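Novice: For reference, the structure I am asking about is given below.
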Amino acid sequence: MIPTSDKKTKRLSPPRFVADAMLGRLAKWLRLMGYDVTYFHNADDISLLRHARADGRLLLTRDKALAHQARELGVLLTTQHLEEQLRELARLNLITGPLKETRCPICNVPLRRVEKEAVRLRVPPYVYQTQEEFYECPQCHRIYWEGSHWQNVQATWHTLGWYEEE
């Protein structure tokens, strides 16, 4: 399991993660922050371990036995509260706040900016009128914009002492 500093410093930056079934909300938030996080809501422990090892990912879990099995790839989170989970990952120097590129919270693919006109018929009229920047997931084709939900995400980052990278 992670806690020793020499294990942390040998990792590529930023690390890539796989989250177990108990950490779906955390996986989405890490993706919004730009981290590469695979998430399988119904995978068994063996599949998660194989995926972590094959892909060189850290395994995020709240399951002590699974974290122990994952050895140096296991990251045991001790709380079920999102903000505290983010703090735990920061204390372990695994995350440093939001990265430049946001990922699709559903597909884990980096979002790409699209022209406003291209989304005219794909977003509500009010959103089209009030927003200037739009992003699309190249995999699922969902459209994203910096609305009130995004402001709430950023407010949480500010609470944790993080600010979005310019």
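Novice: What number of residues within the range 105-125 satisfy the criterion of being part of a loop (DSSP other than H, G, I, E, B) and either at pLDDT below 95 or out of contact with any strand residue (DSSP E or B) (no Cβ under 7 Å at 6 or more places or on another chain) (or both)?
Specialist: Residues of the range 105-125 that are part of a loop (DSSP other than H, G, I, E, B), as a first pass: 105-109, 111, 115, 120-124.
Now narrow it down to the ones that are either at pLDDT below 95 or out of contact with any strand residue (DSSP E or B) (no Cβ under 7 Å at 6 or more places or on another chain) (or both): 105-107, 115, 120-121, 124.
Going through the range 105-125 one residue at a time, the tally reaches 7.
Novice: Taking the range 16-31 as the search range and keeping residues that are surrounded by fewer than 19 Cβ atoms within 10 Å (Cβ to Cβ) and touching a strand residue (DSSP E or B) at 6+ places or on another chain (Cβ under 8 Å), which one is farthest from Glu72 (Cα to Cα)?
Specialist: First, the residues of the range 16-31 that are surrounded by fewer than 19 Cβ atoms within 10 Å (Cβ to Cβ): 16, 21-22, 24-25.
Keeping just the survivors that are touching a strand residue (DSSP E or B) at 6+ places or on another chain (Cβ under 8 Å) gives 16, 22, 24.
Values: Arg16: 14, Met22: 20, Gly24: 22 Å.
Residue satisfying both the conditions and the ranking: Gly24.
Novice: What are the pairs, 6+ residues apart or on separate chains, where a residue within the range 67-93 that is at positive phi has its Cβ under 6 Å from a residue that is modelled with pLDDT under 95?
Specialist: Asn93/Lys8
Novice: From Glu101, Glu72, Glu88, grab the single residue that is in a helix (DSSP H, G or I) and loosely packed, with under 15 Cβ neighbours inside 10 Å.
Specialist: Glu72
Novice: Looking at the range 76-104 only, could you name the residues that are in contact with a Gly (Cβ under 8 Å, 6 or more places away or on another chain) and modelled with pLDDT of 95 or more?
Specialist: If the condition is that a residue be in contact with a Gly (Cβ under 8 Å, 6 or more places away or on another chain) and modelled with pLDDT of 95 or more, then Arg103 is the only one that fits.
Novice: Got at least one residue in the range 132-148 being in a helix (DSSP H, G or I) and outside the structural domain of Leu30 (by TED's automatic domain parsing)? First the steps, then the outcome.
Specialist: Residues of the range 132-148 that are in a helix (DSSP H, G or I), as a first pass: 148.
Next, from what is left, pick out any that are outside the structural domain of Leu30 (by TED's automatic domain parsing): 148.
Yes: one or more hits.
Novice: Show the residue pairs that are 6+ apart or on different chains and have beta-carbon atoms under 8 Å apart, the first residue being within the range 33-55 and surrounded by fewer than 16 Cβ atoms within 10 Å (Cβ to Cβ), the second being basic (Lys, Arg) and not in a helix (DSSP H, G or I).
Specialist: His51/Arg57; Asp55/Arg16
Novice: Exactly one of (1) at pLDDT 95 or above; (2) surrounded by 11 or more Cβ atoms within 10 Å (Cβ to Cβ) is unmet by Gln129. Its number?
Specialist: (2)
Novice: Right, another one. Taking the range 149-166, which residues are part of a helix (DSSP H, G or I) and of a type outside the set (Phe, Trp, Tyr)? Explain how you work it out, then say what you get.
Specialist: The first filter runs over the range 149-166 and keeps only residues part of a helix (DSSP H, G or I), leaving 149-159.
Within the range 149-166, His149, Gln151, Asn152, Val153, Gln154, Ala155, Thr156, His158, Thr159 meet the criteria.
Novice: Could you tell me whether any residue of the range 56-69 is at pLDDT 95 or above and under 30 Å from Gln129 (Cα atoms)?
Specialist: No, the range 56-69 contains no residue that is at pLDDT 95 or above and under 30 Å from Gln129 (Cα atoms).
The values are calculated or read from the model by the stated rules, or taken from the named source; none is laboratory data. It should be emphasised that the depicted structure is a prediction, and the values quoted were computed from it without experimental measurement. Positions of Cβ are generated from backbone atoms using ideal geometry, with glycine treated the same way; all protein chains shown enter the neighbour counts.
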